[in-house]
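Below you'll find the structure, written out as C-alpha cells, and then a few comments.
What follows draws every value from the coordinates through simple rules; no lab data is involved. Since the model is a prediction, treat every value here as computed from it, not as a measurement. For neighbour counting, all protein chains shown are included, and Cβ atoms are generated from backbone atoms with ideal geometry for every residue, glycine included.
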Amino acid sequence: MILYDRLIEVKDDAYREFQAKLVPNIPPETILGVRTPDMRRIAKEVFASHDRDAFLSDLPHRYYEENLVHFFVISMIKNFDECIGAVEVFLPYVDCWPVSDQATPKAFRKNHEKLLPYIRKWIASDHVYTARFGMRMLMNEFLGDDFRPEYPELVANKKGDDYYLKMMAAWYFATALAKNYDETVTYFEEHRLDEWVHRKAIQKAVESYRVTEEHKEYLKTLR
C-alpha cells in the first residue's frame, strides 16, 4: 500500500485551503487536504498492513497528512513499551499543533506510572511540539482522580515565548480549573503564571461549560 496514493484519492482542495490557514507555520504545499475521519480510516489500514513498520521508520515524511496518519497509527499500538518507543522516535519530527494534538495513545491510559517520567522529560524539551505534547498528555491523563498538586508545577515552570507552547499551557490550566479547581485556583490568585497564559487560561475557563458560574465570576476578578 502506498500511503500517498490513498491520501490523494480522498483529498479535498477546498479543505486544503482551510487547513493551510489553520496551520500557517508549515509550507502550504505540504498539505494535501484530507479530512480527519479519512485519515483515521487510512491509519487503521496502515496499522493492519505488512507495511506498518516500514511506514513508521520512513522519517521524515513529506506531507502533513502523513504525519497525522503516523501518530494515529502509533496510537493504536497496545503494548506500552512499543508505543512509547515509537512516540519517542516520532516527536522530533512533529512540526505543528494539529499533529501534536490529535493523537492520544491508548496504551497510556493503563500505564500512568510508567508514562509520567516521559511526560516530565517531554515538557522539559526545547522542542516546542514535544513540550506541547507532554503538556497535553499531562492534561489528558493526570487531571481528575490522578491529579497530584505537583503536576501543575511542570507546566507553570515551563518557560518559552512560542505561541503554541503558551496556548497549550493556558489550555492545561483552564482544564485544571474545571477538574481540580481548588488545587489550581491558587496559581491565579498568586499570579504564578506568565501574564499571557494567566489571562488566556481565565478566558478559556470562563468560556467553558465545565466551570461553575460561581467559579467563573471569581476568576473574572483575577484577570
* Compute the signed sum of charges (Lys and Arg +1, Asp and Glu -1) over the other residues within less than 11 Å, Cβ to Cβ, of ASP162. => +2
* Which aspartates and glutamates does LYS78 reach when only Cα atoms under 15 Å apart count, and residues fewer than 8 places away in its own chain are ignored? -> ASP53
* To do: Would you mind pulling out the separation of the Cα centroids of the range 8-44 and the range 178-195, in Å?
  => 37 Å
* **Estimated inter-spin distance, ASP161 and LEU59, nm [label 7 Å along Cα→Cβ]** => 2.9 nm
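For the range 158-223, what is the Kirkwood hydrodynamic radius in Å, using each pair of distinct C-alpha atoms?
Numbers: mean 1/r = 0.0865 Å⁻¹.
Radius from the Kirkwood sum: 11.6 Å.
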* Structure fact -> Longest the chain segment clear of GluC sites (Glu not before Pro) sitting in DSSP loops (not H, G, I, E or B) with at most 12 other Cβ atoms within 10 Å runs 1-149
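Using the C-alpha atoms of the chain, what convex hull volume per residue, in cubic angstrom, is computed?
Numbers: hull volume 28.0 nm³, N = 223.
Convex hull of Cα atoms, per residue: 125 Å³.
Sum up the charges of everything whose Cβ sits under 14 Å from the Cβ of ARG210, counting Lys and Arg as +1 and Asp and Glu as -1, but leave ARG210 out.
On the way: positive: LYS179, LYS204, LYS216; negative: GLU207, GLU213, GLU214.
Taking every Cβ under 14 Å from that of ARG210, the sum is 0.
Between GLU190 and LYS78, what is 0.36 nm times their sequence separation minus the Cα-Cα distance? Round to one decimal in nm.
On the way: separation 112, 0.36 × 112 = 40.32 nm, distance 4.15 nm.
Answer, rounded to one decimal: 36.2 nm.
Could you work out the local net charge near PRO60, counting Lys and Arg as +1, Asp and Glu as -1, over the other residues with Cβ closer than 13 Å to its Cβ?
Details: positive: ARG62; negative: ASP58, GLU66, ASP95.
It works out to a net charge of -2.
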* **Whole-Å semi-axes of the ellipsoid equivalent to the range 1-110 (Cα gyration tensor, √5λ, descending)** => 23, 15, 12
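Taking 0.36 nm per residue of sequence separation and subtracting the Cα-Cα distance, how much length would be gained by fully extending the chain between GLU113 and LYS21, in nm to one decimal? Could the numbers behind the result be given before it?
On the way: separation 92, 0.36 × 92 = 33.12 nm, distance 3.86 nm.
Answer, rounded to one decimal: 29.3 nm.
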* Could you sort out which of LYS121/LYS158; LYS121/LYS179; LYS110/LYS204 sit more than 21 Å apart by Cα distance in this structure? => LYS121/LYS179; LYS110/LYS204
* To do: Please identify every one of the chymotrypsin sites (Phe, Trp or Tyr not before Pro) in the range 152-223 that sits in a loop by DSSP and has no more than 13 other beta carbons within 10 Å of its own beta carbon.
  => TYR209
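How do SER125, SER100, SER75 rank when sorted from fewest to most other Cβ atoms within 10 Å of their own Cβ? Before the final figure, lay out the partial values.
Working: SER125 16, SER100 23, SER75 20.
Result, fewest neighbours first: SER125, SER75, SER100.
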* At 0.692 mPa s and 37 °C, Stokes D of the range 74-159 from Kirkwood alpha-carbon radius, µm² per second -> 253 µm²/s
* To do: For helix 128-141, report the angle its Cα long axis makes with the longest principal axis of the Cα atoms of the chain; keep it between 0 and 90° and round to the nearest 10°.
  => 70 degrees
* Asked: When all C-alpha to C-alpha distances in the range 24-75 are sorted into bins of 5 Å, what percent of pairs does each bin hold, rounded to whole numbers?
  -> 4, 21, 30, 24, 15, 5, 1
